[in-house]
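Some notes on the structure that comes next.
The values are calculated or read from the model by the stated rules, or taken from the named source; none is laboratory data. Just so you know, these numbers come straight off a predicted model, no measurement behind them. Note: ideal-geometry Cβ built from the backbone for every residue, glycine included; neighbour counts use all protein chains shown.
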């Protein structure tokens, strides 16, 4: 039988090699920098009730305008779609 997973990710690297500690300290900074370069749109598909998440670099912003329109989606719509497996993620180049 395997050991249960630790309750939080920081416990997983406690006492780990220095490389793991470096990854744990640098990764949030890298993700923050990446997040500043991304744009996204979230909405419901015009044909189905799927929630579409369109994601791309800021340089791809003009291409978002050439994609089919999305209807507005509330937080409740997003939660229902996630629970039902009706979320589609599209990468916009």
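Among the numbered conditions (1) outside the structural domain of residue 80 (by TED's automatic domain parsing); (2) part of a strand (DSSP E or B), the only one that residue 44 does not meet is (1).
Residues checked against (1) more than 14 Å from the chain's Cα centre (by Cα); (2) loosely packed, with under 12 Cβ neighbours inside 10 Å; (3) not in a helix (DSSP H, G or I):
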| site | (1), (2), (3) |
| --- | --- |
| 59 | yes, yes, no |
| 62 | yes, yes, no |
| 68 | yes, yes, yes |
| 83 | yes, yes, no |
| 91 | no, yes, yes |
